[in-house]
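The values are calculated or read from the model by the stated rules, or taken from the named source; none is laboratory data. Fair warning: this is a prediction, and the values are worked out from it, not measured in the lab. With ideal geometry, Cβ positions are generated from the backbone for all residues, glycine too; neighbour counts draw on all protein chains shown. To get the accessible areas, we keep the full protein, side chains included, count just its heavy atoms, and leave off ligands, DNA and RNA. Shrake-Rupley method; radii C 1.70, N 1.55, O 1.52, S 1.80 Å.
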Amino acid sequence: MRALRAQVVAEITMTLRRGETLLLTLGIPLLLLVFFSEVKIVSSETARPVDVVTPGILALAIMSTSMVSLGIATGFERGYGVLKRLGSTPLGTSRLLGAKIIATLLIEVLQGALIVVVGLALGWKPSGGLMGGMVAVVACIVGSVAFGGIGLFLAGRLRAEVNLAAANGLYLVFLLLGGMVVPVRILPTGLRVVAEVLPAAALSSVIRDAIGATSAYSGSWIVLLAWFVIAPVAAAFTFRFQGD
Amino acid sequence: MESAIAIRDLTVRHGDLVAVDHLSLTIGHGEVVALLGPNGAGKTTTVETLEGYRSPTSGSVSVLGFDPISERRHLVTSMGVMLQQGGVYPIMTPLQALRLFSSYYEHALSPESLLERLGLLGVATTPWRRLSGGEQQRVSLALALIGKPTVLFLDEPTAGVDLHGRHAIREVIAEQASHGTTVLITTHEMAEAQASADRVAILHRGKLALSGSLDELTGGGVFFQAPPGLDTVSLGEALSESVEETLPGRYKIMSETSPTLVAALGTWLAEQGATLGELRSGASLEDTYVGIVGDLAHEPPSEPTTSSRRTRRR
């Protein structure tokens, strides 16, 4: 237990000490939340921008932390030989992964709290009540696992620098096609079909359905659950602890 | 008592490449052994197999009586590993890294005392990425020692380390051995092997080319080459000295060289119809290493490493 606790503290401390990670996990989501809440780009006839954007930004925060931050950090740890070194200690794979999961979830709780507070300050009126909130939390956990799987899949196969580029590239693609700030419904048909099978669009759709202003597109839970299963399994089967 | 490290007929393949080829080696408790060999000799693969990072293709290994893969959780509490490079979070300071690693073990050493022992107190709060190469090596060694290991794997422990740091590392290795810790050092540096090891094993193309104590490899004794399989007992009687076939076709007479001995050896070989190959008396470790690796490098990979080695005539 002492080892797990120390590793969780180390993971969180290191994450919060990386400036680029703070920018990605807190700076950009909050900036986008404020910007798109104030600029009427993403509103619908029935909903104000902040009611549409806040749930989407929650999904973006989950993606930033679980996929990009976790994936890039793990990729560099693999490249630096840290994972190999840890593999020869009593920490063990299960406690290392456990620490990463706990640290990621705790950071996401912090992100979620900040986003909700800022959203409320901007006038967000969450819908769905307690049940909607619980569904949103479940969706965030499921999405976190799915994105974590994608991040670790990339980190476990690619060289650290290539992984960095791939994770950031994917972040941009998911940001634009994921319905987080740009609604999927306004995308051209071809792009919309692609977007709807991506985990980003599925997650933002189900969160928005639970506590936001619009309903989920059909099949979004199925898509999210499919990524929830496939991505971690792919990562588990392909992950390499040693660098290239 | 069972040896601390046992490698039995180990073969490890990477695809078509045979990285380790039927290697057998045992290391006793408290022994310091240096694994020498050129790049691609199979040193890293051998050590990684012992550390449990790779599976043997055939043969087996055991460390402290444990299988490094199936009994890993028992082994890691008693094993210290120092990687050649990296292995530490770049933004962590040595003190933070040691405190974190100490939390993994039930009975860890004090991080502060280890930092002091390795002359790192002055950089205890400097991030790893800002440390010099030598300081990083010493931190890496400290991390390997933090859990009070009974077996230590050190990969190029003094590479890039200044003279002062080398002395500190050598002292720590000697100290560990005096406490009964088994140390396996992988190195390219003859001086390092000579300074720290009780015994040296030279690998070449995945095979054990030579193994012996420093005295055996560098000290007294007369070394000669002749056809393999000679009757060493009969030769020993003829010379009134002990004779050993160290590798097929390579012999060692436990004696100082003298004209009488050389003459008697030549006569005995002539009687057997055997030709005397090169003959030398003692050698430095580097001479021995270059002799082995230099000569074997010219042999086809598939042939057994039994032919001549370059030697000095005195």
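Count, for each residue of B:83-90, the Cβ atoms from other chains sitting within 10 Å of its Cβ, then give me the mean as a whole number.
For peptide B:83-90, the averaged partner shielding equals 6.
Measure nothing fancy, just the Cα-based angle from helix A:199-211's long axis to the longest principal axis of chain A, in degrees from 0 to 90, nearest 10.
On a 0 to 90 degree scale, this one is about 50.
Using a 1.4 angstrom probe on the protein heavy atoms only, could you order A:51, B:215 from most to least accessible area?
The most accessible residue leads, giving B:215, A:51.
For residue B:245, what accessible area in Å² do you get when you roll a 1.4 Å probe over the heavy atoms of the protein chains, rounding to the nearest 10?
60 Å²
Testing the spin-label approximation: label points 7 Å from Cα along Cα→Cβ at residue A:2 and residue B:246. State their distance in nm.
Between residue A:2 and residue B:246, the simple spin-label model gives 4.8 nm.
Based on the alpha-carbon gyration tensor of region A:182-226 and its eigenvalue square roots a ≥ b ≥ c, which shape applies: rounded if a/c is under 1.5, prolate if not and a/b is larger than b/c, or oblate?
oblate
Expected output is a single nm value to one decimal: the length gained when fully extending between residue B:159 and residue B:194, i.e. 0.36 nm times separation in residues minus the C-alpha distance. What is it?
Taking 0.36 nm per residue and subtracting the Cα distance, the gain is 11.1 nm.
In nm, what is the difference between 0.36 nm times the number of residues separating residue B:22 and residue B:132 and their Cα-Cα distance?
This chain segment gains 35.7 nm when fully extended.
Want the number for residue A:194 to residue A:222: 0.36 nm per residue separation, take away the alpha-carbon distance, what's left?
Gain in length upon complete extension: 8.6 nm.
Rounded to the nearest 0.05, what FRET efficiency is calculated for residue A:97 and residue A:173 with R0 set to 35 Å and r the Cβ-Cβ distance?
0.85
What is the set of long-range amide H partners of residue B:19 at a cut-off below 5 Å, with H atoms built 1.01 Å from backbone N?
B:12, B:13, B:14
Whole-Hz ³J(HN,Hα) for each residue in region A:215-232, computed from phi via Karplus 6.51 cos²θ - 1.76 cosθ + 1.60 with θ = phi - 60°, x for glycine and proline: what do you get?
Per residue, the Karplus-derived 3J(HN,Hα) values read 8, 6, 6, 5, x, 5, 5, 5, 4, 4, 5, 4, 5, 4, 8, 5, 5, x Hz.
Can you tell me the Rg and Dmax of region B:6-63, counting just the alpha carbons, in angstroms?
Here Rg and the maximum Cα pair distance are 11.0, 36 Å.
How many nm is it between the label spots at residue B:73 and residue B:278, if each spot is 7 Å from the Cα in line with the beta carbon?
That separation, rounded to one decimal, is 5.3 nm.
For residue B:258 and residue B:60, FRET efficiency with R0 = 45 Å and r from the beta-carbon atoms, rounded to 0.05? Mind showing how you got there, number by number?
Values: r = 45 Å, r/R0 = 1.00.
Step by step, r from the Cβ atoms, then E = 0.50.
Using a 1.4 angstrom probe on heavy atoms only, work out the carbon and sulfur share of the accessible area of the protein assembly as shown in %.
61 percent
Viscosity 1.567 mPa s, temperature 4 °C: what is the translational diffusion coefficient of region B:153-212 from Stokes-Einstein with a Kirkwood Rh over Cα pairs, rounded to a whole number of µm²/s?
Taking Rh from Cα pairs, D becomes 106 µm²/s.
How would you order A:25-31, A:75-81, B:252-258 from highest to lowest mean count of nearby Cβ atoms within 10 Å?
Final packing ranking: A:75-81, A:25-31, B:252-258.
If you take the charge dipole of region B:1-159 about its Cα centre, with +1 on Lys and Arg Cβ and -1 on Asp and Glu Cβ, which of B:146, B:74, B:98 is farthest toward its positive end?
With unit charges placed on the Cβ atoms, the residue in question is B:98.
On the principal axes of its Cα set, how long, how wide and how thick is region A:105-174? Give whole Å, largest value first.
Result for region A:105-174: principal-axis Cα extents of 44, 23, 22 Å.
Taking beta carbons within 10 Å but only from partner chains, what does the mean come to for residues B:102-114?
3
Modelled label-to-label distance, residue A:22 and residue A:131, 7 Å Cα→beta-carbon offset: nm?
4.2 nm
Could you pull out every one of the lysines with an alpha carbon less than 27 Å from that of residue A:125, ignoring same-chain neighbours closer than 8 positions?
Once the sequence-local lysines are set aside, what remains near residue A:125 is A:40.
What order do you get for B:58-64, A:61-67 when each peptide is scored by the mean count of other beta carbon atoms within 10 Å, highest first?
A:61-67, B:58-64
Give the value in nm², to one decimal: projected area of the alpha carbon convex hull of chain A, averaged over all directions.
Averaging across all directions leaves 13.0 nm² for the Cα convex hull.
For region B:195-230 and region A:6-28, compute the distance between their C-alpha centroids and round to whole Å.
Between the Cα centre of region B:195-230 and that of region A:6-28, the gap is 53 Å.
What number in nm² do you get for region B:219-281 if you take the convex hull of its Cα atoms and divide its surface by four? Walk me through the numbers on the way to the answer.
Working: hull surface 14.3 nm².
Orientation-averaged projected area of the Cα hull: 3.6 nm².
Could you run the numbers on buried accessible area between B and A, total for both chains, 1.4 angstrom probe, in Å² to the nearest 100?
Summing both chains' loss of accessible area gives about 2200 Å².
With everything on Cα atoms, drop me the angle between helix A:70-79 and the longest principal axis of chain A, reported from 0 to 90° to the nearest 10.
20 degrees
Report Rg(Cα)/(2.2 N^0.38 Å) for chain B, keeping two decimals.
1.11
Heavy-atom accessible area of residue B:268 with all protein chains present, probe 1.4 Å, nearest 10 Å²?
10 Å²
What is the diffusion coefficient of the protein assembly as shown in µm²/s, taking the Kirkwood radius over Cα pairs and the Stokes-Einstein relation at 37 °C with a viscosity of 0.692 mPa s?
Details: Rh = 27.0 Å.
For these conditions, the coefficient is 121 µm²/s.
Using Cα positions and a limit of under 30 Å, work out the lysines in reach of residue B:43, with same-chain residues fewer than 8 apart set aside.
Excluding near neighbours in sequence, the set is A:84, B:148, B:207, B:252.
Give the angle, between 0 and 90 degrees and rounded to the nearest 10, that separates the Cα long axis of helix B:163-178 from the longest principal axis of the Cα atoms of chain B.
Between helix and principal axis, roughly 80 degrees.
Once the Cβ-Cβ distance between residue A:138 and residue B:8 is put in as r, and R0 is 51 Å, what FRET efficiency do you end up with, to the nearest 0.05?
Calculated value: 0.45.
What is the Cα coordinate range of region A:58-127 on the first, second and third principal axes, sorted by size from largest, in whole angstrom?
Answer, in whole Å and largest first: 51, 20, 15 Å.
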